[in-house]
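The values are calculated or read from the model by the stated rules, or taken from the named source; none is laboratory data. Note that the coordinates shown come from a computational prediction; the quantities given were computed from them, not determined experimentally. A quick note on method: Cβ atoms are made from the backbone with ideal geometry, for glycine too, and the neighbour counts reach across all protein chains shown. Just so you know, the surface numbers come from the protein's heavy atoms only, side chains and all, with ligands and any DNA or RNA stripped out. Shrake-Rupley method; radii C 1.70, N 1.55, O 1.52, S 1.80 Å.
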Amino acid sequence: MKFSVLFFAVVLILNQSPKAQNTKTLFFDDLPLQTYSEGIRPVSAKSNYWHNTIKIGGVAYKRGFGAQSPAVLSFMLDGNAKSFSTEVGVDDSANTAIPLTFYVLADQKILFQSKAMHVGDAAVKIDLDLTGVRQLGLLITDTVGGLGNKRTNGNWANARLLIKEGFTPGYVQNNDPKYILTPTPKKTPQINTTKVFGATPGNPVLFKVATTGVRPMSFSASNLPEGLQIASETGIITGSVKQRGNYEVQLNVKNKLGAASKKLLIKIGDTIALTPPIGWNGWNSWEAEIDQDKVLASAYAMVKTGLADHGWTYINVDDAWMGKRGGPDTALQPNEKFPDIKGMIDQIHGMGLKAGLYSTPYLASYGGYVGASSDYPTGGETHELFKPNRPPYSRIGKYKFEPNDARQMAAWGVDFLKYDWRIDVASTERMSTALKNSGRDIVFSLSNNAPFEKVTDWVRLSNMYRTGPDIKDSWTSLYNTSFVLDKWSPYAGPGHWSDADMMIVGDVSIGPVLHPTRLTPDEQYSHVSIFSLIASPMLIGCPIDRLDPFTVSLLSNDEVITINQDPLGKAARLVLEKDGFQVWKRELENGDYAVGIFNIAGYAKTPQSYFRWGNEQPKTFALNFNEIGLLGNFKIRDVWRQKDLGMFKGKITTSIPHHGVVMFRLKRNK
C-alpha cells in the first residue's frame with residue numbers, strides 16, 4: 001500500500017514537471033515584437049533601439065530587445081506560461097542624464113520594479129513565476145515622460161518565457177462593441193463645406209461644395225468673383241481670381257426633396273489652408289506598396305463612401321512614388337508604380353478632390369527613394385543605390401532642386417506636399433519659397449517632429465507642422481501625440497496648423513501587417529474629438545475602400561467636423577485636469593464653445609495605467625463651468641449625438657467610458 005502511494009506521488013510530480021507538460025523556452029526576440037508594442041517608438045529585436053549590439057554596464061548581449069521609453073508591451077498568456085526571465089538595464093549609448101525604471105506587471109499586479117537605473121549600471125537579473133498569469137506587461141518609463149525625452153533607451157536582454165509547447169503569446173483583444181452615435185444624414189440637401197476658403201491671386205482654384213442628401217442635385221452660387229464658375233451637376237468650383245479681396249458667396253443646392261443654402265467667404269490673398277486640411281494619406285494603408293491603382297481606388301472610395309460629401313478632400317501619396325531626376329527641368333519623376341501621374345491627378349481633380357505628394361530635402365527618403373537634393377549637378381541617385389544601406393544618404397546633398405521639383409509638381413496639378421526629414425529652417429525656407437513661386441497653391445506640410453522652440457518659423461514658412469513622432473495605433477501613442485499639445489495651441493491658426501499626424505482608425509499597417517486599429521471604440525471617439533478640438537489636420541490613414549459602417553460614422557459627423565473647420569481657427573486649450581479627466585475648451589467663431597471631457601483614467605500616473613486589462617469601467621464627472629472660465633447658464637448640445645440636452649446652470653454631470661469622451665457645444669443663454 002505504501003509503495004502504491006509513493007508510486008502515485010512520483011507520477012504526479014512527474015506530470016507536473018515542465019518536461020512532462022512539454023514546455024519550451026521562447027525568446028522574445030523571436031516574436032514579431034512590434035505587433036505587441038503599444039509604445040511610441042519602434043522596438044528592435046536582437047539589438048538595442050539603434051540596431052546596434054545590446055550593451056548594459058559594459059556587457060554585450062546577443063539576445064534580447066531594445067526600446068525607447070515610454071516602452072509598453074503587452075502579451076496575453078492565458079495561463080500558458082511558467083516563468084519569465086531577463087536582464088534589464090539602460091543601454092550604454094543612452095542619455096546619461098535621464099534615468100529609466102523597468103516594470104514587469106501581471107494581471108494588474110507589479111511583479112518587479114527596478115530602481116532608477118542609469119547608463120553604466122550593471123544589468124538587473126529577473127526570474128519571475130508566471131503560473132496562472134493571464135496578461136503580462138513590460139514597461140519602461142523615464143523621469144521626463146512623454147515626448148520630451150531624448151535617447152532614453154533601455155534593454156530587455158535575454159528576455160524569455162518558459163511556456164507550454166505549441167503556445168505563442170497572444171494580443172490584447174479589442175472586442176468592445178462598436179457603437180454608432182452619428183445620426184444618419186437627412187435625404188434633403190445639407191451643405192457641409194467649410195465657411196471660408198483661401199486662394200492666391202491668379203492661381204488655379206478647385207473647391208467642391210460638399211453636400212449630403214439624395215442625388216441628383218443641382219448646384220448654383222451667387223456673387224462668385226470674376227474668373228470662377230460652378231458646375232451645376234457636381235458643385236465643383238474652378239477657375240482663378242486675379243483681384244485680391246474677400247468675396248462673400250452664397251452656395252445653393254436643391255434636390256427633389258428640398259433645398260439648402262450656405263455662405264462661403266472666399267479670400268483671395270497670400271494665405272491658403274484657412275482651415276485644417278482634411279483627407280487621406282496612403283502610408284498607414286500600404287507603406288511602400290502604394291501604387292497608382294491603389295491611389296485612384298482610394299479617391300473613388302472617398303466619393304463612394306460619402307466622405308467627400310462631408311468635406312474630406314485630399315488624396316495624398318506618401319513615400320515611395322519617386323523615381324529619378326529627368327525631364328526638361330531636371331525634376332523628380334515618378335517610378336514605374338506611377339506610369340501616368342498627371343493623368344492620375346487629373347482623375348482625382350475630376351471628382352472635386354485634391355492630390356498630394358511626398359518628398360524630402362535629403363538625398364534619400366526614409367523609404368529609400370530619391371529626394372530633393374543630390375551629390376551630382378543633374379541628379380543620378382536611384383532607389384537601387386539607397387536600398388542596401390539608406391542611413392548614409394539621410395543627409396542634404398550639395399545640389400538642391402526645390403524650385404525644379406515645385407515647378408514640376410505644379411505642372412502635374414499637385415495640391416499638397418508632405419516634406420519629411422529631421423526638420424531644419426533653411427530647408428523649410430527653400431521649399432516654402434519654391435512652392436509659392438510655382439504658380440499653384442500647394443499646401444506645405446512639414447514632417448516630422450518639428451522642434452517647438454522654432455514654432456514661429458514653422459508658422460511663418462508652412463501650412464502645417466508635425467508636433468511629434470509617427471503615430472501608432474495605441475492609447476500610449478495617441479495620448480503622447482495629441483493630449484499633450486496644449487503649448488502648441490496658441491500658434492495654430494488660419495494658414496498654419498499644428499499637425500498631430502495621421503488618423504489611426506479603420507485598418508492600419510503600422511507594423512508588419514494590415515490589421516484593425518488597436519484603439520477601442522471609446523478611444524477612437526476620443527481620437528477624432530481631440531483632433532477636432534485642437535484644430536489638427538485630419539488625414540485618414542486606412543484603406544478607404546475597407547471602411548466599416550462604424551468607422552464611416554466616426555468620420556462623417558458634420559458637427560464634429562464643423563468644430564475642426566471652424567473659421568476662427570483658435571485651437572482648444574487644456575483648461576482642467578483632475579480626477580483622471582482632461583477638459584479641453586475651444587472658442588468658436590459665433591461665440592459658442594466646444595468642450596471635450598476625456599476620461600484619460602489617470603494615464604501615466606501608475607504603471608498599471610499604461611495597459612488595458614479588460615475590466616475598465618466608466619466614471620462619472622461633474623464639470624463646473626466656473627472651473628473652465630465660463631460663467632452663467634448655457635444651452636448644451638451633445639455634438640456626437642447631434643442632440644440638444646437643454647439649459648444647464650453652473651455645471652453638468654456625465655458618465656464617460658474608460659478612455660472615452662463626451663463633446664459638447666455650449667451656447668450662452670443671453
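Determine the share of the chain's accessible area contributed by carbon and sulfur atoms, expressed in whole percent, with a 1.4 angstrom probe. Intermediate results must be reported in sequence, preceding the final value.
Details: 14030 of 27260 Å².
Carbon and sulfur atoms account for 51 percent of the accessible area of the chain.
Classify segment 620-670 as rounded, prolate or oblate, taking a ≥ b ≥ c as the square roots of the eigenvalues of its Cα gyration tensor: rounded when a/c is under 1.5, otherwise prolate if a/b is larger than b/c and oblate if not.
Working: a/c = 2.26, a/b = 1.31, b/c = 1.73.
Note, shape of segment 620-670 comes out oblate.
For segment 305-371, take the alpha-carbon Rg, divide it by the Kirkwood Rh, and send me Rg/Rh. Present the calculation step by step, with values, prior to reporting the outcome.
On the way: Rg = 13.8 Å, Rh = 13.3 Å.
Dividing the radius of gyration by the Kirkwood radius yields 1.04.
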Exercise. So how exposed is HIS118, as accessible area in Å² (1.4 Å probe, rounded to 10)?
Worked result: 80 Å²
Seminar exercise, completed: When all Cα-Cα pair distances of segment 493-589 are considered, the percent exceeding 21 Å is 38 percent
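Could you calculate the contour length gain from GLU289 to THR606, that is, 0.36 nm times the residue separation minus the distance between their Cα atoms, to one decimal place in nm?
Details: separation 317, 0.36 × 317 = 114.12 nm, distance 3.98 nm.
Computed gain between GLU289 and THR606 is 110.1 nm.
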Problem set entry | Note, ³J(HN,Hα) from phi for segment 637-645, Karplus 6.51, -1.76, 1.60, rounded to Hz, x at Gly and Pro | 10, 6, 5, 5, 7, 6, 9, 6, 9
For this session: Would you compute, from DSSP H runs of 4+ residues alone, the mean residue ellipticity of the chain at 222 nm, taking -39500 (n - 2.57) per run and dividing by the full residue count, rounded to the nearest 500?
Result: -4500 deg cm²/dmol
Problem set entry | segment 89-133: C-alpha pair distances exceeding 11 Å, % | 68 percent
For this session: List, in the order given, every pair from LYS387/LYS454; LYS256/LYS294; LYS254/LYS342; LYS24/LYS46; LYS150/LYS337; LYS62/LYS605 whose Cα-Cα distance in the structure shown is over 28 Å.
Result: LYS387/LYS454; LYS256/LYS294; LYS254/LYS342; LYS150/LYS337; LYS62/LYS605
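How long are the semi-axes of the equivalent ellipsoid of segment 194-325, defined as square roots of 5 times the Cα gyration tensor eigenvalues? Whole Å, largest first.
On the way: eigenvalues 165, 89, 27 Å².
For segment 194-325, the semi-axes come out at 29, 21, 12 Å.
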Problem set entry | Pairwise label distance in nanometres, VAL59 with GLN617, each label 7 Å out on the Cα-Cβ vector | 4.5 nm
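Of LYS649/LYS670; LYS267/LYS436; LYS208/LYS472; LYS267/LYS570; LYS125/LYS472, which pairs sit farther than 21 Å apart, going by alpha carbon to alpha carbon?
Values: LYS649/LYS670 13 Å; LYS267/LYS436 17 Å; LYS208/LYS472 31 Å; LYS267/LYS570 18 Å; LYS125/LYS472 31 Å.
Long pairs (Cα-Cα over 21 Å): LYS208/LYS472; LYS125/LYS472.
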Problem set entry | Straight-distance crosslink candidates among aspartates and glutamates, where the alpha carbon sits under 14 Å from LYS643 and sequence neighbours closer than 8 are dropped | ASP558, GLU559
For this session: Kindly provide the pair-distance distribution of segment 35-74 built from C-alpha pairs, with 10 Å bins from 0 and whole-percent values in order of increasing distance.
Result: 34, 50, 16
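At 1.4 Å probe radius, can you tell me the per residue accessible area of segment 74-196 in Å²? If you can, show how the numbers build up before the last one.
Working: 5500 Å² over 123 residues.
Computed with neighbouring chains in place, this is 45 Å² per residue.
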Problem set entry | Where only alpha carbons of segment 11-159 are counted, the Rg and the Dmax (Å) | 15.6, 57
For this session: Report ³J(HN,Hα) in whole Hz for each residue of segment 268-274, in order, from the Karplus equation J = 6.51 cos²θ - 1.76 cosθ + 1.60 where θ = phi - 60°; Gly and Pro get x.
Result: 9, x, 9, 10, 10, 6, 6
Exercise. For segment 195-207, what does the Karplus curve 6.51 cos²θ - 1.76 cosθ + 1.60, with θ = phi - 60°, yield as ³J(HN,Hα) per residue in whole Hz, taken in order and with x for Gly and Pro?
Worked result: 7, 9, 8, x, 8, 8, x, x, 8, x, 10, 9, 8
Exercise. Once both labels are modelled 7 Å past Cα along the beta-carbon direction, what's the ALA97-SER85 spacing in nm?
Worked result: 3.9 nm
Problem set entry | Longest to shortest principal axis, alpha-carbon extents of segment 448-487, angstrom | 32, 17, 14
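Nearest 0.05, what FRET efficiency do VAL425 and ALA297 give at R0 = 41 Å with Cβ-Cβ as r?
Numbers: r = 38 Å, r/R0 = 0.93.
After rounding, the FRET efficiency stands at 0.60.
How much accessible area per residue does segment 390-525 have, in Å², with a 1.4 Å probe? Intermediate results must be reported in sequence, preceding the final value.
Numbers: 4310 Å² over 136 residues.
Accessible surface, normalised per residue, equals 32 Å².
Provide the FRET efficiency to the nearest 0.05 for the TRP50-ILE180 pair, computing r from the beta carbons and using R0 = 56 Å. Before the final figure, lay out the partial values.
Working: r = 44 Å, r/R0 = 0.79.
It comes to 0.80.
Rule-of-thumb check for the chain: C-alpha Rg over 2.2 N^0.38 Å? Mind dumping the intermediate values first?
Working: Rg = 27.1 Å, N = 670, 2.2 N^0.38 = 26.1 Å.
Rg over 2.2 N^0.38 Å, computed on Cα atoms: 1.04.
Mind giving me the FRET efficiency for LYS398 and THR234? R0 is 51 Å, r the Cβ-Cβ distance, nearest 0.05 is fine. Before the final figure, lay out each step's value.
Values: r = 47 Å, r/R0 = 0.93.
Approximately 0.60, to the nearest 0.05.
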For this session: Provide the gained length on full extension for the span ASP486 to SER222, in nm with one decimal, where the gain is 0.36 nm per separating residue minus the Cα-Cα distance.
Result: 91.0 nm
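Multiply the residue separation of LYS342 and LYS109 by 0.36 nm, subtract the distance between their alpha-carbon atoms, and state the gained length in nm to one decimal. Write out the running numbers ahead of the final one.
Working: separation 233, 0.36 × 233 = 83.88 nm, distance 5.77 nm.
Residue separation times 0.36 nm, minus the Cα-Cα distance, leaves 78.1 nm.
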Problem set entry | Paramagnetic reach from LEU568 in segment 587-626 [backbone N under 15 Å; point 7 Å along Cα→Cβ] | 587-596
For this session: Between LEU645 and ARG546, with labels modelled 7 Å along Cα→Cβ, what's the label distance in nm to one decimal, could you check?
Result: 3.6 nm
